[in-house]
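Peer 1: Just passing along the structure, written as structure tokens.
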Amino acid sequence: MSEPVIKTEKLTKRFGDFIAADALSFDVMPGEIFGFLGANGAGKTTAMRMLCGLSKPTSGEATVAGYDVYRETDLIKKNIGYMSQKFSLYEDLTVVENIRFYAGIYGLTDKAIREKSEALLDQLGMTHEAKKLVSELPLGWKQKLSFSVAVIHQPKVVFLDEPTGGVDPVTRRQFWDLIYDASDKGMTVFVTTHYMDEAEYCNRVSIMVDGRIDALDSPQNLKKQFSVHSMDEVFYQLARGAKRTAD
Amino acid sequence: MSAVRLENITKTYNKGTVSAVSDVSFEVAQGELFGLIGPDGAGKTSIFRMLTTLLLPDGGKASVDGYDVVKDYKTIRSRVGYMPGRFSLYQDLTVEENLAFFATVFGTTIEANYELVKDIYRQIEPFKTRRAGKLSGGMKQKLALCCALIHKPGVLFLDEPTTGVDSVSRKEFWEMLRRLKEQNITILVSTPYMDEATLCDRIALIQSGKILSIDTPAGTVKSFRGNLFTVRSAEIYRLLNDLRDYENTGTCFAFGEHLHLTFAEERAGQEEDLQQYLRQKNHTDIELGRVEPGIEDCFIQFMKQ
């Protein structure tokens, strides 16, 4: 059995009296696509920030890519990838400038950056677009590119925060092809989404309610457990009981 | 008379270099709940802004309640309710102050039209002394809807009211719209969530500034060309790749736990042939069957035309 890439044990974050994340315990295995769901205000962002080394937990334990979330936050940041829909690429830089920029941020050598840029452009079929501004690219290409630069340093795990919000149905599915492909190559994918059909694409799904993880299993088992036919109904049954709402 | 009417409306930005809305025409009947469904960048907000007289069209004609959006803009402004995509309330006024402000601006009072907002306002009334900036997302949404309704508009424009909102709050919001519709208010609502389409009387699917289709949700589904099949096996990702390589595959996309497939060419024995192919590829637990298309299937098909 290989070691989990993400391992948490009673991970908790308090803001004064408010328990934003309440004793979260779960493991995510290498190559797994792990869906992290919850209503607005359930505590997803707080949990994700702790796992990315951006926020210190109040109590509990967690390691990400083998590094401790209290003491080794710099190492975590170097060893994970992160992408959100809101911010990913610099629109007024060209395709190749974006690739170089991200590769540089992740500390790749000049030689590695040159090689990686060419390989990536080739792989994405964007060699002819290398010198185009990102703002001129169609949405589907932008997404491909932003995912690729988020994993340019080949991290063990990539965090995707609502990567497909507001995107057309074809582009949304093309994006999931990228996720499947990365997972096939052994990368762990930790993803949040409001689209419940996307929850079905995950190997396992956790659902947060009021700071706690109230359910965690494969979509198939969760549907069986709640005797329903879709993840939408599972989510609705759980989240309907939530006491708190917040932004 | 149509409550909303667009004839060949066009809008470009950056001196004509960026086309946001091209040649869009549709009508919304009095009391209808009409959905404008499409992804980001489809032109939904531009259409809303032109209809609420906040943006001038480059070409075409549009009217709201029979009034022209260019000539009669002042009349339209007093007769419509508009809830923009981004939160539009005054963050440092309380819930009650916000509502009173909007009522006053439109020359009315909360009391005069309380009946209309009662159902929704009751849910946030316990927090009426709280500043709007301190409300949760769901409560802000309810307050914004109350503020857009307080002058009893003939037409209500809701621009992506459920974007970024979780599925429980989305269901609640649509329930509120259904009840408003019973009061004979015309509602034009936009959303990127295709599953919300079925809650509208009629929908326009829109992509890159162009209308793909206008119909009832049931009519949209009926217009799907060809038969749609659902496929699954033990290894869904390998199945997706193998199906895309199959010689008679038209389209194949993931839909929740299944794949949706159309054949390139409908022919006798197509299902048996496919089963055979999948067995050759060592797939196990193969399930193949017909399925009714959803709005999203239709959207994908229209996009590919």
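Peer 1: In this structure, does B:Val221 turn out to be part of a strand (DSSP E or B) and more than 12 Å from chain A (Cβ to nearest Cβ)?
Peer 2: no
Peer 1: Considering only the range B:225-238, state which residues are away from every other protein chain (no Cβ under 11 Å) and either surrounded by 18 or more Cβ atoms within 10 Å (Cβ to Cβ) or in a strand (DSSP E or B) (or both).
Peer 2: B:Leu228, B:Phe229, B:Thr230, B:Val231, B:Ser233
Peer 1: Which of the numbered conditions does B:Glu272 fail, given that it passes all the others? Conditions: (1) in the same structural domain as B:Asn8 (by TED's automatic domain parsing); (2) at negative phi.
Peer 2: Exception for B:Glu272: condition (1).
Peer 1: Please find, among B:Leu278, B:Leu243, the residue that is part of a helix (DSSP H, G or I) and either β-branched (Val, Ile, Thr) or touching a residue at least 40 places away in the same chain (Cβ under 8 Å) (or both).
Peer 2: Only one candidate passes the filter, namely B:Leu278.
Peer 1: Residue check: is B:Ala132 without any contact (Cβ under 8 Å) to a residue 60 or more places away in the chain and touching a Ser or Thr at 6+ places or on another chain (Cβ under 9 Å)?
Peer 2: In short, yes.
Peer 1: Still on this structure, I have one more. For residues that are touching an Asp or Glu at 6+ places or on another chain (Cβ under 9 Å) and in contact (Cβ under 8 Å) with a residue 60 or more places away in the chain, tally how many sit in the range A:46-63.
Peer 2: The total comes to 1.
Peer 1: Name the residue, out of B:Ile214, B:Ile206, that is under 20 Å from B:Leu6 (Cβ atoms), within 14 Å of another protein chain (Cβ to nearest Cβ) and modelled with pLDDT of 95 or more.
Peer 2: From the options B:Ile214, B:Ile206, the qualifying one is B:Ile206.
Peer 1: Restricting the search to the range B:164-200, which residues are of a type outside the set (Val, Ile, Thr), away from chain A (no Cβ under 12 Å) and farther than 13 Å from B:Ile37 by Cβ?
Peer 2: B:Phe173, B:Trp174, B:Glu175, B:Met176, B:Leu177, B:Arg178, B:Arg179, B:Leu180, B:Lys181, B:Glu182, B:Gln183, B:Asn184
Peer 1: Mind checking which residues of the range B:116-163 are basic (Lys, Arg) and away from chain A (no Cβ under 14 Å)?
Peer 2: Those that are basic (Lys, Arg) and away from chain A (no Cβ under 14 Å): B:Lys118, B:Arg122, B:Lys128, B:Lys152.
Peer 1: Can you pull out the residues in the range A:143-170 that are within 26 Å of B:Asp297 (Cβ to Cβ) and out of contact with any Ser or Thr (no Cβ under 8 Å at 6 or more places or on another chain)?
Peer 2: A:Lys144, A:Phe147, A:Val167, A:Asp168, A:Pro169, A:Val170 - these are the residues of the range A:143-170 that are within 26 Å of B:Asp297 (Cβ to Cβ) and out of contact with any Ser or Thr (no Cβ under 8 Å at 6 or more places or on another chain).
Peer 1: Okay, next question. Give the residues of the range B:239-279 that are within 11 Å of chain A (Cβ to nearest Cβ), over 15 Å from A:Tyr201 (Cβ atoms) and among the charged types (D, E, K, R), sorted by residue number.
Peer 2: Hit for the range B:239-279 is B:Arg244, nothing else.
Peer 1: Against the condition surrounded by fewer than 23 Cβ atoms within 10 Å (Cβ to Cβ), at pLDDT below 90 and either on the phi > 0 side of the Ramachandran plot or in contact with a His (Cβ under 6 Å, 6 or more places away or on another chain) (or both), how does A:Gly166 come out, does it pass?
Peer 2: Against the criterion (surrounded by fewer than 23 Cβ atoms within 10 Å (Cβ to Cβ), at pLDDT below 90 and either on the phi > 0 side of the Ramachandran plot or in contact with a His (Cβ under 6 Å, 6 or more places away or on another chain) (or both)), A:Gly166 qualifies.
Peer 1: Which condition breaks for A:Arg173 when tested against (1) facing chain B (nearest Cβ under 8 Å); (2) of a type outside the set (Val, Ile, Thr); (3) touching a residue at least 12 places away in the same chain (Cβ under 8 Å)?
Peer 2: Of (1) facing chain B (nearest Cβ under 8 Å); (2) of a type outside the set (Val, Ile, Thr); (3) touching a residue at least 12 places away in the same chain (Cβ under 8 Å), only one is false for A:Arg173: (3).
Peer 1: If I filter the range A:66-99 down to residues being without any contact (Cβ under 8 Å) to a residue 24 or more places away in the chain and among the aromatic types (Phe, Trp, Tyr), which single residue comes out as surrounded by the fewest Cβ atoms within 10 Å (Cβ to Cβ)?
Peer 2: Within the range A:66-99, the match that is surrounded by the fewest Cβ atoms within 10 Å (Cβ to Cβ) is A:Phe87.
Peer 1: Same structure again: Going by the conditions given, is A:Ile105 away from chain B (no Cβ under 14 Å), closer than 16 Å to A:Gly81 by Cβ and surrounded by fewer than 20 Cβ atoms within 10 Å (Cβ to Cβ)?
Peer 2: Spelling it out, A:Ile105 is indeed away from chain B (no Cβ under 14 Å), closer than 16 Å to A:Gly81 by Cβ and surrounded by fewer than 20 Cβ atoms within 10 Å (Cβ to Cβ).
Peer 1: Here's another thing I want to ask about it. Any idea which residue in the range B:19-46 is farthest from the other protein chains (Cβ to nearest Cβ), counting only those that are among the aliphatic types (A, V, I, L, M) and in contact with a Pro (Cβ under 9 Å, 6 or more places away or on another chain)?
Peer 2: Once the filter is applied, the top-ranked residue is B:Val21.
Peer 1: Might you check whether a residue that is more than 14 Å from chain A (Cβ to nearest Cβ), touching a Leu at 6+ places or on another chain (Cβ under 8 Å), acidic (Asp, Glu) and not in a loop (DSSP other than H, G, I, E, B) occurs anywhere in the range B:287-303?
Peer 2: Checking the range B:287-303: not a single residue is more than 14 Å from chain A (Cβ to nearest Cβ), touching a Leu at 6+ places or on another chain (Cβ under 8 Å), acidic (Asp, Glu) and not in a loop (DSSP other than H, G, I, E, B).
The values are calculated or read from the model by the stated rules, or taken from the named source; none is laboratory data. Owing to the predicted nature of the structure, the values given are computational and were not obtained by experimental measurement. Methodologically, a virtual Cβ is constructed for each residue, glycine included, from the backbone with ideal geometry; neighbour enumeration extends over all protein chains shown.
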